Every structure is written in structure tokens, then in C-alpha cells.
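For reference, the structure is listed below as C-alpha cells.
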Amino acid sequence: MLTSCVKEDFFGYSSYGNIKAFEVSNQASQALINVVEKTVTVEIPGGVNLNEIKLQKLELSSFATADVAVGDVLDLEEDLEINIEAEDGSLYTWVIQAEVASATPQLSNGDFNLWYKTNSDYFEPGESKDNTIWGTGNQGTFILNKLATIPYDRGNDNLAAQMITLNNGFLGGTFGAPIAAGSIFTGVFNPDNLDPKDPEAAIEFGMPFAGRPTKIQFTYSYIPGSENKDKEGNLLPYSDMMDIYAYLEVRSGGTTERLATAWLRSKEEQSDLVTVTIDFVYGELDDSFPDYMKPKDQNYVSPDSVAFILPTHITFVASSSFAGAEFAGAIGSELILDDVVMIYE
């Protein structure tokens with residue numbers, strides 16, 4: 001009865017005409033969106049024909065429309081103007097700028113010094129919601145008043161990411177989610193796909209990336225919790241382990257192929273922060289590598305292209321409990337991560 005009395009435009013039409021997400025073919029890193037200046041800057045690898053850049057993703061303010069659409073071919077040889085109309089009819093002109101990408105790109109905010117405050121009054125890694133490559137599972141656990149990934153102060157204005165495996169309490173248990181593993185990843189958490197029984201259902205992994213690093217370096221510490229249990233609360237005969245891994249991927253035509261893999265899974269207690277370097281292994285992983293490192297629902301890039309092809313995306317993931325997506329882990333497991341760096345030779 002109450003809703004029948006409220007008109008659709010009761011609160012007025014929106015005047016917002018912003019670009020919230022933007023992605024084109026051959027994009028080398030996340031687009032830099034400047035809402036104040038109404039500009040979007042995209043990096044494209046050298047040698048790519050800027051006359052034939054396809055628009056692959058465009059997210060606007062609610063109910064806004066644009067004079068371009070996903071699938072359109074854009075000419076980015078010069079600055080390109082895009083016109084956006086807000087719900088209330090307000091008109092905005094945005095400028096799309098292309099720059100030549102570095103041959104040795106890094107992950108933006110890989111030192112985790114930037115954290116922004118969300119509308120729910122907690123912190124997420126990045127400059128802002130619209131300018132970050134990083135996501136966490138906090139949007140899913142916040143409904144239980146839990147935050148499994150938070151900024152960690154190392155002193156001297158140096159922040160890191162702290163991930164803790166938490167007890168979700170009685171309410172979480174009733175949803176079949178007894179624990180929440182702290183995690184951080186390149187990608188986006190989409191609350192529209194939130195499924196309490198599947199932590200990864202709401203995660204869109206990966207960000208644009210067009211480098212060929214030989215190694216990945218990061219600083220971490222890890223203390224596993226004392227009792228590693230499965231989803232039903234049964235004690236497991238092995239310790240909890242942390243995961244830190246990265247995939248270089250080639251995404252094209254709706255398919256994803258693995259180009260390179262770097263992975264560290266460890267149960268060893270590392271109470272002091274230590275810096276380690278892990279090799280990227282290009283191409284198919286043979287039987288000397290554990291199965292968990294191998295793609296389950298993807299193929300590898302073809303052997304004849306492994307030596308030269310550029311990736312289109314990178315998926316980086318770190319978690320305080322390696323089986324957290326299955327709600328298995330040890331309450332109290334703690335992973336601190338800082339200074340993720342790509343090494344090129």
C-alpha cells in the first residue's frame with residue numbers, strides 16, 4: 001500500500017552524467033577516470049592502430065545515456081569527445097585520451113598506500129571507487145558486521161593490506177558461511193551477484209594489463225590459525241595455508257587463455273615481514289607443478305605464441321586461507337601483504 005503511493009520520480013531525476021568504468025581493446029592498464037575534468041585516459045601499447053579501437057565496457061551513472069555503445073569502433077588518434085545525457089536531460093561532454101603504454105607496467109597502488117572510505121564508512125584499497133584495480137570481499141562480509149581485509153599501518157605513512165580469517169558467528173553459519181577469509185584481488189566486487197554460499201560469485205577477477213614480467217616480487221608475513229577446519233567444522237589433518245598468486249591472461253572473443261602463472265602457497269609461519277620473488281612460468285604447466293596452479297576452466301595460449309604474445313589482463317589474488325572460497329580455514333590466520341612489484345628482464 002505504501003509503495004503504490006510513491007511516484008517513480010518522487011525524488012526527482014538524476015543530474016549525474018559520469019563515466020564510472022571504461023575499457024577498450026588493447027588497453028594496457030585500468031583507465032584513469034577524472035570526474036572533475038570529465039576525462040578518461042587509456043594506455044595503449046605502442047604499435048597498435050589507434051583508428052580501430054573497440055569499446056568493450058562502458059558504465060555510466062544510473063539512467064544516463066551516451067552517444068557511443070559497447071562494440072563501437074573508436075578513433076583515438078586524437079582526443080575523442082563523448083556526449084552523455086543525464087536522466088534529467090543535463091548534457092556533459094567527456095574527453096577520451098589515449099597514451100602510449102609503458103613496456104614494463106606495474107600494478108597501480110601495488111604498495112597499498114592508498115585507501116578510500118566507502119559510503120558504509122570502511123576502507124577499501126585504491127584512490128577511489130572509480131579509480132582502483134583492487135577489490136576485497138568486504139562488501140559481502142559487511143552485512144555480518146565483519147571486515148576481513150583492512151589497511152595495516154607499518155609506520156612512517158607506509159600502509160599494507162591485512163587479511164584475517166574471521167568467525168562469521170551464528171548468523172554466518174546459518175547461511176552456510178561459517179568463516180570469511182581475508183582476501184584482496186585485481187578486479188571488481190559486484191554486489192548484484194552476491195551469493196552467501198559462493199564467495200566468488202560476486203567477484204569479476206582481472207584488470208587490463210599488457211606487460212610480460214619475468215618475476216613478481218612482494219613483501220608478506222603469515223601466521224596460520226591454530227585449528228584448520230572444513231565448512232562443517234571438522235578439524236582437518238593439515239595446517240591452514242595462505243595463497244598469493246598471479247595469472248597473465250589473454251582474453252578475446254569471450255574466451256580466456258592462460259599465458260603465465262606465478263604462485264606461492266605456504267603453511268609456514270612467517271612472523272616478520274619478508275620480501276620474496278616468484279618466477280612467472282610462461283605456457284603450459286607440466287606435471288612437476290601441483291594441480292592447483294593449473295587452469296580448471298580455461299586453456300593455455302597456443303605454444304607458438306607463448307614467446308611473444310602480450311597479455312590483455314592480469315588476475316592477482318591473495319588470501320589468508322587458501323580454501324576460503326569453500327569456507328575452509330583456520331580462524332585467526334593472518335596475512336599481511338605489501339609492495340607488489342613486477343620485475344622485467
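The values are calculated or read from the model by the stated rules, or taken from the named source; none is laboratory data. From a predicted model like this one, the values you see are computed outputs, not experimental measurements. Virtual Cβ from ideal backbone geometry, glycine too; neighbours counted across all protein chains shown. Just so you know, the surface numbers come from the protein's heavy atoms only, side chains and all, with ligands and any DNA or RNA stripped out. Shrake-Rupley method; radii C 1.70, N 1.55, O 1.52, S 1.80 Å.
Some notes on this structure:
- For the stretch 28-99, the antiparallel share of DSSP beta bridges with both residues in that region comes to about 70%.
- Bridges between two residues of the chain, per DSSP, are antiparallel at a rate of about 90%.
- Taking N as its residue count, the alpha carbon Rg of the stretch 156-283 over 2.2 N^0.38 Å: 1.23
- The convex hull of the Cα atoms of the stretch 220-296, projected and averaged over all directions, covers 7.3 nm².
- Förster radius 25 Å - calculated FRET efficiency between GLU268 and ASP153 (Cβ-Cβ, nearest 0.05): 0.50
- Kirkwood radius, the stretch 195-345, all distinct C-alpha pairs, inverse of mean reciprocal distance: 16.7 Å.
- Sulfur and carbon atoms: percent of accessible area, the chain [1.4 Å]: 49
- Each peptide in 70-81, 106-117 receives the mean, over its residues, of other Cβ atoms within 10 Å, and ordering these scores from highest gives 106-117, 70-81.
- P(r) tail fraction, the stretch 114-166 - alpha-carbon pairs more than 15 Å apart, %: 47
- Averaged per residue, the chain has 52 square angstrom of accessible surface, using a 1.4 angstrom probe with ligands and nucleic acids left out.
- Shape box of the stretch 89-144 [Cα atoms, principal axes, largest first, Å]: 43, 43, 17
- Sites PHE63 and LEU236, calculated FRET efficiency, Cβ-Cβ separation with R0 51 Å, nearest 0.05: 0.55
- Over all Cα atoms in the chain, the spread is summed up by Rg and Dmax: 21.5, 67 Å.
- Most mobile of VAL276, VAL24, VAL42 in a GNM of the chain (Cα contacts under 10 Å): VAL276
- The slack between SER252 and VAL100, meaning 0.36 nm per residue of separation minus the straight C-alpha distance, is 52.6 nm.
- Ranked by the mean number of other Cβ atoms within 10 Å of their residues, highest first, the peptides 215-222, 330-337 come out as 330-337, 215-222.
- Taken over the C-alpha atoms, the stretch 99-221 has Rg and Dmax values of 15.7, 52 angstrom.
- In terms of distances greater than 23 angstrom between alpha carbons, the cross-link table entries LYS215/LYS294; LYS20/LYS54; LYS146/LYS215; LYS129/LYS229 yield LYS146/LYS215; LYS129/LYS229.
- Semi-axes of the equivalent ellipsoid for the stretch 35-175, Cα gyration tensor, largest first, Å: 36, 22, 14
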